[in-house]
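One structure below.
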Amino acid sequence: MSAFLNVESSLTGRRWAGPDPADERLAEGLAQAALLPLPVARVLAARGVAAEEAAGHLEPKLRDLLPDPLRLRDMELAAERLVAAVVAGERIAVFADYDVDGGASAALILGWLRAQGREATLYIPDRIDEGYGPNPAAIEQLARDHALIVCVDCGTLSHEALVVAKGRADVIVLDHHQGGETLPPVLAVVNPNRADEDGALGHLCAAGVVFLTLVQANRGLRARGLAEPDLIGMLDLVALATVADVAPLLGVNRAFVRQGLAVMARRARPGLVALSDVARLDSAPSAFHLGFLLGPRINAGGRVGRADLGARCLSATDRAEAEALAAQLDALNRERREIEALVRESAFAQAESHGDPALSWAAGEGWHPGVVGIVAARLKEATGRPSVVIGTAGGVGKGSARSVPGFDIGRAVQRLQAEGLIARGGGHAMVAGLTVEPARIE
């Protein structure tokens, strides 16, 4: 194929190719049928959007795209148990991941409970001391004092940890990470990426799954004649998590982000207002702001500071508290950048020396586990290949992987664990984490 716009390759050496004549005819037909500018039609045609779907794709509405929550397995059981705990005044604990999706998911549940005059215990594990997901010690501690434990953005593969709660407390898992052949021994696992799901909602992040659960829970409240918390006002959290977790903007995710940005523009949530101010966001929020200004600051607590800072900021109801937490996160984000720069320089040099045509990877002693994910993302962007970066310390390697469209990095990591090549691992199509013995890194 000849050069496109007289350019044969990009600065990174990737070949430029123009549209196929058949694709161009398809775009022209779409432009005429949907009355769209040709450049817009080209983009939609490349995404497989038909003429009758164009208007909904460009202006997605929640009422048109929100799926019935009951499409997901265990949803009715999970939502009913959550409502029953509220009605009975039972103690509830929320166990969340330390990233934006986990923090937003936790804030959604905490906000829903507070709207009904209920509080819950928030537990977010320390990235370095405890690692990702539920661990036996933490679950045992929570099960002693709570009737219900809700795990958000984690738990699907946590068999060993969650069995500790059996007979002590009910456990609900609201997650989106890929599951294995068996599920943990808990009351309910709501996850569009369970092995026995059809994958139609596999593009949801955890906050999207939590939102659907709260939609179903509100139905339960309505059936009991009880007041329903406002869920539309919570869409700012769903939008933030969807973008920050790099969930594909397909189906209902587009409506989540569009409506969520409109909610965020009202500046009603103290935590997001404070974060926007420290990030010097002086215009209407956009998806760019969610992914590159707010997301990194929320993640900074889990990467190099206290793991629960992000969730506490997002769920704060007091303006002064939110401002103090946002200031801490902003300072930690500056510290994170400095640490990242040091690791990035070494990782890029090492990955180049490997010369692997299929995978970019690097590993180093003492590399901070809180920044290996960011460096892996930078490496993927620079090389256009799936990338893995691992930091080793104390005889343990903790790594993070980022992928490109067409290669499911989560399943690849799961296969490595199944074959005994790594100690632990999991994730989804574009992002994964792993723990490995340094001697097995080649």
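Bear in mind that the values in this text are calculations on the coordinates, not laboratory data. Every value quoted in this text rests on a predicted model; they were computed, and no experiment measured them. For neighbour counting, all protein chains shown are included, and Cβ atoms are generated from backbone atoms with ideal geometry for every residue, glycine included.
Among His57, His177, His354, sorting on how many other beta-carbon atoms sit within 10 Å of each Cβ, with the fewest leading, yields His354, His57, His177.
Peptides 155-164, 321-330, 237-246, 432-441, ordered by how many other C-beta atoms sit within 10 Å of their residues on average, highest first, read 237-246, 155-164, 321-330, 432-441. Sorted from greatest to least, the principal axis extents spanned by the alpha carbons of region 1-59 come out as 37, 21, 16 Å. Each of Ala84 and Val40 was given a label point 7 Å from its Cα along the Cα-to-Cβ line. The distance between the two points is 5.0 nm.
Between Ala382 and Arg440, the FRET efficiency estimated from the beta carbon spacing at R0 = 35 angstrom works out to 0.85. Peptides 309-318, 40-49, ordered by how many other C-beta atoms sit within 10 Å of their residues on average, highest first, read 309-318, 40-49.
Fully extending the segment from Ala50 to Ala115 would add 19.3 nm, taking 0.36 nm per residue of separation and subtracting the current Cα-Cα distance.
Distance between the pseudo-spin-label points of Ser283 and Glu365 (7 Å out from Cα toward the beta carbon): 4.8 nm.
For region 207-297, the extents of the C-alpha atoms along the principal axes are 45, 27, 18 Å, listed from largest to smallest. Enclosing the Cα atoms of region 321-438 in their convex hull gives a volume equal to 124 cubic angstrom per residue.
Each of Arg168, Arg14 was scored by other Cβ atoms within 10 Å of its Cβ. Listed from fewest to most, they are Arg14, Arg168. The alpha-carbon atoms of the chain, seen along their principal axes, cover 69, 57, 45 angstrom, with the largest extent given first. Loop-located trypsin sites (Lys or Arg not before Pro) in region 169-241 (DSSP state not H, G, I, E or B) with no more than 12 neighbouring Cβ atoms inside 10 Å: Arg224.
Placing dummy labels 7 Å off each Cα toward the beta-carbon, the span from Asp356 to Arg63 is 5.1 nm.
In order along region 176-192, phi translates into HN-Hα couplings of 9, 6, 4, x, x, 6, 10, 9, x, x, 10, 5, 8, 10, 9, 7, x Hz, rounded to whole numbers, per the Karplus curve 6.51 cos²θ - 1.76 cosθ + 1.60 with θ = phi - 60° and x for Gly and Pro. Between Asp129 and Ser10, how high is the FRET efficiency from 1/(1 + (r/R0)^6) when r is the Cβ-Cβ distance and R₀ = 41 Å? Nearest 0.05. In this case the efficiency is close to 0.45.
Stokes-Einstein diffusion for region 67-160 at 25 °C, viscosity 0.890 mPa s, with a Kirkwood radius from C-alpha pairs, works out to 175 µm²/s. Partners of Lys398 within straight-line reach, counting lysines whose Cα lies under 21 Å from its Cα and excluding those fewer than 8 residues away in the same chain: Lys380. Using R0 = 51 Å, the C-beta based FRET efficiency linking Leu342 and Ala265 works out to 0.85. With neighbour counts taken as other beta-carbon atoms within 10 Å, the residues Phe288, Phe256 rank, fewest first, as Phe288, Phe256.
Given the C-alpha centroids of region 328-350 and region 98-173, what is the distance between them in whole angstrom? Taking the Cα centre of each part, region 328-350 and region 98-173 sit 29 Å apart. Taking a sphere under 12 Å around the Cβ of Leu72 and counting the other residues whose Cβ falls inside, with K and R at +1 and D and E at -1, yields a net charge of -4. For the chain, the relative contact order is 11 percent, taking Cα pairs closer than 8 Å that sit 6 or more residues apart in sequence and dividing their mean separation by the residue count.
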